[in-house]
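Worksheet: the structure to be examined is printed underneath.
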Amino acid sequence: MPNTARWAATLTLTATAVCGPLAGSALAAPGSAPAALYAPSALVLTMGHGYSAATVTPERAVTLNCAPTASGTHPAAVDACAELRASDGDFDALEARGEVMCTKQFDPVVVTVDGVWQGKRVSYERTFANECVKNSYGMTVFTF
């Protein structure tokens, strides 16, 4: 075998031996990668006075991270995360507390939630009659 052919064969075999295992993993099925240790749960909650999020300027905003541990700027992050886990991240499932007495004054408050809950994109908006009513839903999620 001529010298050039020998070098070409050697380089080809070396490249196959070194890069072959790498190419095999790159060609593996899309779902074969190991799963993450936890699905991310990171939310931004905002509040403003008005009828809809499209016309309201946020007056307050907090962050809420629930995985791997509860954290963020939400004043009761641990309790808020526990409430959301209990409702499987369904904000509409948060019920009003029965013992809260609110006036019937109409001063609409809009709450928005954007982010990721257990790996799934979340975008939520709800208008409450006033801030007291907003704070009465759930125990802590909307109380900020």
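Pairing residues of region 116-143 that are basic (K, R) with residues that are outside any loop (DSSP other than H, G, I, E, B), at Cβ distances under 6 Å and at least 6 apart in sequence or on separate chains, gives R126/V111; K134/V109; K134/F128. Hey, could you check region 114-138 for residues that are touching a helix residue (DSSP H, G or I) at 6+ places or on another chain (Cβ under 6 Å) and under 16 Å from V56 (Cα atoms) and say which is most open to solvent (accessible area, probe 1.4 Å)? By that ranking, first place goes to Y124.
Among the residues of region 95-111, are any within 20 Å of S136 (Cα to Cα), among the small types (G, A, S) and open to solvent by less than 90 Å² (accessible area, probe 1.4 Å)? Yes, region 95-111 contains a residue that is within 20 Å of S136 (Cα to Cα), among the small types (G, A, S) and open to solvent by less than 90 Å² (accessible area, probe 1.4 Å).
The values are calculated or read from the model by the stated rules, or taken from the named source; none is laboratory data. All of these numbers come straight from a predicted model, not from anything done at the bench. Here Cβ is always computed from backbone atoms with ideal geometry, including for glycine, and neighbour counts include all displayed protein chains. Remember, those area values only see protein heavy atoms, side chains included, never the ligands or the DNA or RNA. Shrake-Rupley method; radii C 1.70, N 1.55, O 1.52, S 1.80 Å.
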